[in-house]
1. Any residue at all in segment 195-209 that is more than 30 Å from T65 (Cα to Cα), touching a residue at least 24 places away in the same chain (Cβ under 8 Å), aliphatic (A, V, I, L, M) and in contact with a strand residue (DSSP E or B) (Cβ under 8 Å, 6 or more places away or on another chain)?
2. Kindly indicate whether S140 is small (G, A, S) and either in contact with a strand residue (DSSP E or B) (Cβ under 9 Å, 6 or more places away or on another chain) or within 30 Å of S352 (Cβ to Cβ) (or both).
3. Does segment 55-80 hold any residues that are assigned to a strand (DSSP E or B) and exposed (fewer than 13 other Cβ atoms within 10 Å of the Cβ), and which are they?
4. Do you know which of the residues in segment 376-416 that are within 25 Å of Y311 (Cβ to Cβ) and of a type in the set (S, T, N, Q) is nearest to the chain's Cα centre (by Cα)?
5. Could you list all residues from segment 53-80 that are under 18 Å from Y143 (Cβ atoms) and charged (D, E, K, R)?
6. Of everything in segment 338-368, what is modelled with pLDDT under 90 and touching an Asp or Glu at 6+ places or on another chain (Cβ under 8 Å)? Give them in sequence order.
7. Which ranges mark the helices (runs of 4 or more DSSP H) fully within segment 96-214 that have 2 or more residues being among the polar types (S, T, N, Q), touching a helix residue (DSSP H, G or I) at 6+ places or on another chain (Cβ under 8 Å) and at pLDDT 95 or above?
8. Of all residues in segment 203-258, which are of a type in the set (S, T, N, Q) and crowded, with 20+ Cβ neighbours inside 10 Å?
Amino acid sequence: MDETTPAIRFGRYSDNNKPVEKVAKWNEADALFKEKKYHQSIRTFFDYLTDDAEGNLVHQPDGDTAGTFLIYQGSQVVRGRYDAEKLEASTVLARMPQPSVPVMRRLLEINFKLYYSSFALDGEKLCMLFSSDIETANPSKLYYGLKELATRADKQDDLLVQDFTTLQAMDKDHVLGIPEEEKEVKYKWFQKWIRETLELIEGVDADKYSGGIAYVLLALAYRIDFLIVPEGKLLLDLERIVETYFRKDNRPVPEKNGEMIECFQKMAGRTREQFMPYLFRSRYTFAIVSPQSYKSVGDAIYNANQNINWYKENKQARIAALIAEYGFAYCQFTYSLPRPITEFFILFMQVSYSGYFNDLGYNIKFTNEDGTYNQEAITAEIARIQDAWKGKYGEMKFRTDRLKWDNAVAFNQSFTNEIESLNMETANQ
């Protein structure tokens, strides 16, 4: 990428791309715990958890058997300490000046779904807590306990403050604002993508093309999530749209499509003032989705692409192109992917939505003024990604000679076919 490329994050944070030396720290921490060197195990675990590029964790040992730590996760900061007997961590969700029965009922319902952490009141502060005896604080328990605490708190704090006017936001000084120009671009394209998608759907038979319509709507949800990266209520709205389709309730697809369309229409009704607060940058420690075997990724892309030819034959080229986007985007939304696959996805989106990236200030042009593909730039970026990751993924070979440049359907299908068939075994497997 050009050195002037804007420092803008796309997609959600993934913690499954740690370098080999970090993975070794996990194994070391586990071995130390089994040797009953509990405090050395904890310190090595925090070394494993630290993402140097992210600046996500601050750990300060205090002597041989004590220390403090800060863990950043989106809008939340987890603060903790450990000593000779116990490790404790907490995070503040909101300030509650007056007791509220509806708030407490909501928290009680969520509490039943928690495995490691729990809600608590500290004066007027509404908190989440996690604790463990030192002798049971093995790396797995620490990872999943702290992950539950951090990710649940990160999701609930904004929702609680939005849903209950009695609550007040707290402890947000670490959250970084986004430049107003970037927010304006994101709001503009948020509205544009929803409008164009709904217009596309209005022009086709809702029953005959119900499957394609569902793909188009889901692709839109995944695109907004990845390229705009909204937080809080907006993220919850996107998750509800996706859940509407995949919920196993035996409803016909056209009915589910109607519900998804209504959700997008409501989202599009948000003013700038209602949209902007959900855009911010922060640091992360845990992914909100889990890694899967690459076969799951390949199968998802393959299954989606199997539907493309029927839509091509029925003169629905735009839907056919978006079906290819859907399969790839589904994987990006649902799984914690290897980093080079995410980089390929960013390239795919830069090619598909060059206007959005141009508005954000990106200089590399992957499409030409006449709408054709800049084959040289695209193949050069693919080569760059492969070269950057050949040490870890030595068998990852993207065959650019198989790409088809005739139109969006041909390119999207051929590009995602290559993603589907990549060998993503790592050097240490």
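The values are calculated or read from the model by the stated rules, or taken from the named source; none is laboratory data. Since this is a predicted model, take the numbers as computed values, not measurements. Counting neighbours? That spans all protein chains shown, and the Cβs are built from the backbone with ideal geometry, glycine included.
1. Within segment 195-209, not a single residue is more than 30 Å from T65 (Cα to Cα), touching a residue at least 24 places away in the same chain (Cβ under 8 Å), aliphatic (A, V, I, L, M) and in contact with a strand residue (DSSP E or B) (Cβ under 8 Å, 6 or more places away or on another chain).
2. Spelling it out, it is not the case that S140 is small (G, A, S) and either in contact with a strand residue (DSSP E or B) (Cβ under 9 Å, 6 or more places away or on another chain) or within 30 Å of S352 (Cβ to Cβ) (or both).
3. Result: Q60, single match.
4. T416
5. E54, R79
6. Those that are modelled with pLDDT under 90 and touching an Asp or Glu at 6+ places or on another chain (Cβ under 8 Å): N363, I364.
7. Ranges flagged: 180-202.
8. If the condition is that a residue be of a type in the set (S, T, N, Q) and crowded, with 20+ Cβ neighbours inside 10 Å, then T244, N257 are the ones that fit.
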